[in-house]
Amino acid sequence: MAAERVTDAVVVGAGLSGLAAARTLADAGCSVVVLEARDRVGGRTWSEQVGGAVFDVGGQWIGPTQHRMARLVEEFRLATFPTYHDGKKVLDVGGKLSTYAGTIPSMPLVPLLFLHRTIRRVERLCRTVPREAPWAMERASDWDGVTVESWKRRTIPQASVRAVFEAAVRVVFGSEPSELSLLHFLWFLNCGGGFRSIVEIENGAQQTRFVLGAQEVSRRLAARLGDAVVLGAPARAIAQDAGGVTVHADGRSWQARRAIVAVPPTMAGRIGWEPALPYLRDQLTQRAPMGATVKVLATYERPFWRTRGLSGEAVSTGGPLTATFDNTSHDGAEPALLGFIVGRPAREWAAKPADERRATVLAALARFFGAEAARPVHYREQDWSLEPWTRGCPVTVLGPGVLGLFGPALATPVGRVHWAGTETSTEWTGYMEGAVASGERAAREVLERRNADG
């Protein structure tokens, strides 16, 4: 089969990481092609028109210290606005509702003290885990050998505090604490600046939204690359030898000196490889599932929760919604609430009839914010586990033993193949910032080897 195009580099995946890699290479004078399985760019960012505004059914927030994303926002002159969070928040623990102000849930004195202590302890521990090579630290095997669940049960005596902590873990990873290595958990937090930085709105990862949606960043990057971006081209097989790399995509093929694979590890493992991947990399792809996340959006005629002095934020330990946010459009014209179904409840979600799913979500919103929440104008749900080219969200989940034993394979090139994707980043891994950082890093690797290729 003759190759359609011979280039300096072929990039697999037109999410933020792949597009950032391709853009970096193109700016350096390299010829490049980007192959995307979907009929759109953006990967885990996906923005849609719902009613009279654009909303994100994928990743949507950026925050402080995410300098690469800030640079792209400025370059493309994209309008952003702060996430609304004025008013009291709702806390649902064990079926009992309460409200609180500030960033720490209001609880009885003893549980509250334990919650503060838990947060301080997590912040202290995560900062001891190096962002580079966490598997090499002295306590790596100890922490990688236990789950967050076992650590939680051993160190948090209060059941209500354990439940709130578990809810936070579910939202961040889309998984249960029992599935997650303590080492991976702490490393992930440190890459994002700590526990508070990741879970909070103000001065945190949920601080800022995009007027046109987060996918617009990928659209602008793709526009700069022009016809170098090929949609509907799923990489089925990748072969490499001393002369270069060939990527096969449903009857079409592309040849290049080097390749950058910018998809989640589990998706990279579904590609046919010739020769086979090295043991460590192959085992990593088999042990790196995606989290389970369903994102639901409900729009309304008016922001009734605001008139009741509520921020739209809720945290629930019982589900189905683990967390909610005010997701109103930037101009206030489309009032909206956003909810996350994550971890175990999300895995059970797809098996339920659509009417039951909708009714259950709206009942939960009504319980948090009042009867009006059960009567939305528009309702949209997105189950990322059903996305064939992602298989879950928001991030890869590494269980006990995986990061310590196979972590070095996350970003180590295999011959002429380099790895990108937010999971390979040491800065804001799991976030848009991490995706861009990983793509730029992989592109630099290719550029450094360009002269050696001849």
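The values are calculated or read from the model by the stated rules, or taken from the named source; none is laboratory data. The structure presented is a predicted model; accordingly, all values stated were derived computationally and were not measured. Glycine gets a Cβ as well: all are built from the backbone with ideal geometry, and neighbour counts include every protein chain shown. With ligands, DNA and RNA removed, areas are computed over all heavy atoms of the protein, side chains included. Shrake-Rupley method; radii C 1.70, N 1.55, O 1.52, S 1.80 Å.
Between V247, V217, V263, which is in a strand (DSSP E or B), touching a residue at least 60 places away in the same chain (Cβ under 8 Å), open to solvent by less than 40 Å² (accessible area, probe 1.4 Å) and among the aliphatic types (A, V, I, L, M)? Residue meeting the stated conditions: V247. Condition first: in contact with a Pro (Cβ under 7 Å, 6 or more places away or on another chain), closer than 16 Å to R131 by Cβ, surrounded by 21 or more Cβ atoms within 10 Å (Cβ to Cβ) and not basic (K, R). Can you find one or more residues in segment 414-429 that meet it? Among the residues of segment 414-429, at least one is in contact with a Pro (Cβ under 7 Å, 6 or more places away or on another chain), closer than 16 Å to R131 by Cβ, surrounded by 21 or more Cβ atoms within 10 Å (Cβ to Cβ) and not basic (K, R), which makes the answer yes. Confirm whether T390 is within 20 Å of V57 (Cα to Cα) and either open to solvent by 20 Å² or more (accessible area, probe 1.4 Å) or touching a residue at least 12 places away in the same chain (Cβ under 8 Å) (or both). Spelling it out, T390 is indeed within 20 Å of V57 (Cα to Cα) and either open to solvent by 20 Å² or more (accessible area, probe 1.4 Å) or touching a residue at least 12 places away in the same chain (Cβ under 8 Å) (or both). Looking only at segment 23-48, residues that are part of a helix (DSSP H, G or I) and open to solvent by 10 Å² or more (accessible area, probe 1.4 Å) come to 4 in all. Tell me whether segment 143-153 contains one or more residues that are touching a Phe, Trp or Tyr at 6+ places or on another chain (Cβ under 8 Å) and in contact (Cβ under 8 Å) with a residue 40 or more places away in the chain. Yes, that holds for at least one residue. Examine segment 125-136 for a residue that is modelled with pLDDT under 95, open to solvent by 20 Å² or more (accessible area, probe 1.4 Å) and either touching a Cys at 6+ places or on another chain (Cβ under 9 Å) or of a type outside the set (S, T, Y) (or both), and state whether such a residue exists. Within segment 125-136 (the criterion being modelled with pLDDT under 95, open to solvent by 20 Å² or more (accessible area, probe 1.4 Å) and either touching a Cys at 6+ places or on another chain (Cβ under 9 Å) or of a type outside the set (S, T, Y) (or both)), the answer is no, since none of the residues qualifies. Here is a check on your reading of the model: is A20 more than 20 Å from E216 (Cβ to Cβ) and either open to solvent by less than 40 Å² (accessible area, probe 1.4 Å) or assigned to a strand (DSSP E or B) (or both)? So A20 does not fit the description; no. Among the residues of segment 266-306, those that are free of Cβ contacts under 8 Å to residues at least 60 places away in the same chain and not in a loop (DSSP other than H, G, I, E, B) comprise G272, W273, E274, Y279, D282, T285, Q286. Residues that are of a type in the set (K, R), touching a strand residue (DSSP E or B) at 6+ places or on another chain (Cβ under 9 Å) and modelled with pLDDT of 95 or more: which helices (runs of 4 or more DSSP H) entirely in segment 339-442 hold 2 or more of them? Correct list: 354-369. Within segment 227-244, the set of residues being closer than 11 Å to V33 by Cβ and not in a loop (DSSP other than H, G, I, E, B) comprises D227, A228, V229, V230. Take A70 and decide whether it is open to solvent by 30 Å² or more (accessible area, probe 1.4 Å) and outside any loop (DSSP other than H, G, I, E, B). For A70, the condition - open to solvent by 30 Å² or more (accessible area, probe 1.4 Å) and outside any loop (DSSP other than H, G, I, E, B) - is met. Every condition in (1) among the aromatic types (F, W, Y); (2) open to solvent by 10 Å² or more (accessible area, probe 1.4 Å); (3) touching a Leu at 6+ places or on another chain (Cβ under 7 Å) is met by Y84 except one, and the failing one is (3).
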